[in-house]
Each structure stands twice: as structure tokens, then as C-alpha cells.
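Below is one structure, written out as C-alpha cells; comments come after it.
Each reported figure results from applying straightforward, stated rules to the coordinates on display, with no laboratory input. What you see is a predicted model; the values in this text were computed from it and never measured. Note: ideal-geometry Cβ built from the backbone for every residue, glycine included; neighbour counts use all protein chains shown.
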Amino acid sequence: MNLEILGNTDPFLHAHVWPRFEWEPAELVGRPVWLYPLERWRDEQFRLGAQHDVLREAIGSELDQLRSIA
């Protein structure tokens with residue numbers, strides 16, 4: 001596949017990875033994360049922090065493995 005078609009001027013594929021969680025409301029699971037109310041984005045308890053280091057590392061490692069076999 002020609003990546004230039006995807007990005008028009010940028011030959012690199014760009015993506016965001018948004019982990020999903022078991023505690024998420026059923027009506028929002030499977031829908032874009034930006035549909036969450038603004039107060040959820042600003043609430044300290046949901047903010048990205050050190051408690052997510054293990055998950056962030058696992059996602060990064062998986063992506064590195066997938067990239068190496070592509």
C-alpha cells in the first residue's frame with residue numbers, strides 16, 4: 001500500500017493508541033474516546049500518570065514487536 005495516499009504529503013503512517021478499560025461505561029466502549037465528557041478529561045483521577053507506566057510499556061513493547069515482523 002502506498003502510504004502517501006493515506007497522508008497525502010506525509011509518507012509515514014501516524015496513529016494514536018487509546019487503551020480501553022473494563023471500568024468504562026458500556027455505552028462508550030467501542031466509540032471514540034473523545035466522546036467522553038470534558039470533566040472526565042480534566043479529572044485528576046483519570047489523568048495519565050505513573051500508575052500507567054506498566055500499561056504504557058506493554059503497549060510500546062507490543063507495537064515494537066509488530067513493527068519488527070511487518
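Couple of notes before you dig in:
- Residue within segment 35-45 that is surrounded by 11 or more Cβ atoms within 10 Å (Cβ to Cβ) and within 14 Å of the chain's Cα centre (by Cα) present: no
- Residues (surrounded by 10 or more Cβ atoms within 10 Å (Cβ to Cβ) and farther than 23 Å from Glu62 by Cα) located in segment 14-29: Leu28
- Restricting the first member to segment 54-70 and to residues that are within 15 Å of His16 (Cα to Cα) and without any contact (Cβ under 8 Å) to a residue 12 or more places away in the chain, and the second to residues that are of a type in the set (D, E, K, R) and exposed (fewer than 11 other Cβ atoms within 10 Å of the Cβ), no beta-carbon pair is closer than 8 Å while six or more apart or on different chains.
- Filter result (surrounded by 10 or more Cβ atoms within 10 Å (Cβ to Cβ) and under 19 Å from Ala15 (Cα atoms)) within segment 46-63: Leu55, Arg56, Glu57, Ala58, Ile59, Gly60, Ser61, Glu62, Leu63
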